[in-house]
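The values are calculated or read from the model by the stated rules, or taken from the named source; none is laboratory data. Only a predicted model underlies this, so the values are computations on that prediction, with no experimental measurement involved. Don't worry about glycine lacking a Cβ; one is built from the backbone with ideal geometry, like all the others, and counts go over all protein chains shown.
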Amino acid sequence: MSTDEQILGRTSRDDLRAIIALSNTDVDEAIHVVEDHAPAIFTWDYEKGRRPALNKLYEKAKHAQWNGETDLDWSIEVDQEHFAQMLSAMRQQQMETARVDFRGTPFQHWGQKEWLAHAMESQNWSLSQFMHGEQGALVCTAKIVETVPWIDAKYYAATQVMDEARHVEVFAKYLDTKLNGHYPINIHLRMLLDDIIDDSRWDMTYLGMQIMVEGLALAAFGLAMSTTPDPLLKQLLRYVMSDEARHVAFGVLSLKEHYSELTDAEMLERQEFAFEAAVRMRDRFLQQEVWERLGVDVKAAVKLFDAPPEVKNQDPFQQLLFSKIVPNCKKLGLLDANDGWLRKRFDTLGVTQFEDWADTGEEYLEMDAVTADRIAAEGA
Ligand SMILES: [Fe+2]
Ligand SMILES: [Fe+2]
């Protein structure tokens, strides 16, 4: 059994100094190479539908394809500054309520202009990380096509590869044509994607990507969709989420079968990996690169805005991000295996409360916005 220090590479999970000591130093590299250490597997068993749930998902995916160029209204003008003003006002309100004391900090003399610039950079940063995460999903799922031994899973994964190409495409287009700047990939996100790709076991790709990264993305996109006033971004996220719900279902349905055959020791390795992924995903939300770009001392900023662990772990936004991951981990047996190893870790993150929320095995049927719009258009 590994210690938290061995898993995370730092003594305390909430050690801010250690978290921000890491940064992406390869910001000028044009490509990033990771060894994927995996055997490509052919199967000679072509019986379609041997795994009915995966077959159903595959048939659904064929009908739910959409076109990022023509199904979104790119003629919509996006007034980024106006949206950033709203965001900035909201943030200032929160800071007033929390009585954040700026005396003696880099923000002492910040006015509307500086906070507005911060809100705009924060939007650029968030959308950039969404885009990089989507490319991670594209590469991971292409790997699954090669490594999973079941034909129904290879078929489905092939449709997901197309979905992810579309997601990278639409986020990149939104950033290029509607916002005013890109950010390189955040180091904590990159470390997680590297770890997922590096692992030779086919199910680890699913666990890292479909359950953890996409589970969090589904919740994060949902929050972004409900808060953005921009109708183009709202529609973009709505369609992306309709695909993502299928992707998370693909992970749950595939791993359910595989995990029922694993030993306790093998399950523990999966639990440790899920915990590491959860912490890396939290680390990236510090947005350290935004402070750097604004010329603010990162340590001072992060320290000022980062609540102590006992407060942070009660933050509803932080917690909601785990609202898909926790029930799916429970369904897969990851929460309770080995005397509840992962449950105890999730308890300390304050997220176990979501364990009985709907898992994503079937939810994709309700979230199919693409089909719903087509039916509505036919009826109009
Ligand atoms: Fe995606
Ligand atoms: Fe996805």
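Considering every residue within region 235-245, establish whether at least one is within 19 Å of W150 (Cβ to Cβ), aromatic (F, W, Y) and at pLDDT 95 or above.
No, there is no match, as no residue in region 235-245 is within 19 Å of W150 (Cβ to Cβ), aromatic (F, W, Y) and at pLDDT 95 or above.
With farther than 22 Å from K324 by Cβ, in a helix (DSSP H, G or I) and within 15 Å of ligand 2 (Cβ to nearest atom) as the only criterion, which of V161, V145 stands out?
Among V161, V145, only V145 is farther than 22 Å from K324 by Cβ, in a helix (DSSP H, G or I) and within 15 Å of ligand 2 (Cβ to nearest atom).
Cβ-Cβ below 7 Å, separation at least six or inter-chain, first residue in region 211-223 and of a type in the set (F, W, Y), second part of a helix (DSSP H, G or I) and within 12 Å of ligand 1 (Cβ to nearest atom): which pairs?
Going by the 7 Å Cβ cut-off, the qualifying pairs are F221/L237; F221/V240; F221/M241; F221/E244.
Can you confirm whether S254 is assigned to a helix (DSSP H, G or I), within 27 Å of I76 (Cβ to Cβ) and not charged (D, E, K, R)?
no
To keep it simple, each residue is scored yes or no on (1) at pLDDT 90 or above; (2) of a type in the set (A, V, I, L, M); (3) under 18 Å from the mean Cα position of the chain (by Cα).
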{"position": "N313", "(1), (2), (3)": "no, no, no"}
{"position": "K344", "(1), (2), (3)": "yes, no, no"}
{"position": "L349", "(1), (2), (3)": "no, yes, yes"}
{"position": "A369", "(1), (2), (3)": "yes, yes, no"}
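Among the numbered criteria (1) closer than 22 Å to L8 by Cβ; (2) away from ligand 1 (no atom under 13 Å from the Cβ), which single criterion is violated by L216?
All conditions pass for L216, except number (2).
Exactly one of these conditions fails for S226: (1) more than 16 Å from ligand 1 (Cβ to nearest atom); (2) out of contact with any helix residue (DSSP H, G or I) (no Cβ under 7 Å at 6 or more places or on another chain); (3) in contact (Cβ under 8 Å) with a residue 60 or more places away in the chain. Give me its number.
(3)
Taking the stated definitions as given, is G104 away from ligand 1 (no atom under 16 Å from the Cβ) and on the phi > 0 side of the Ramachandran plot?
The answer is yes for G104.
So T70 fits all but one of (1) within 30 Å of V298 (Cβ to Cβ); (2) outside any helix (DSSP H, G or I); (3) without any contact (Cβ under 8 Å) to a residue 12 or more places away in the chain; what number is the exception?
All conditions are met except number (1).
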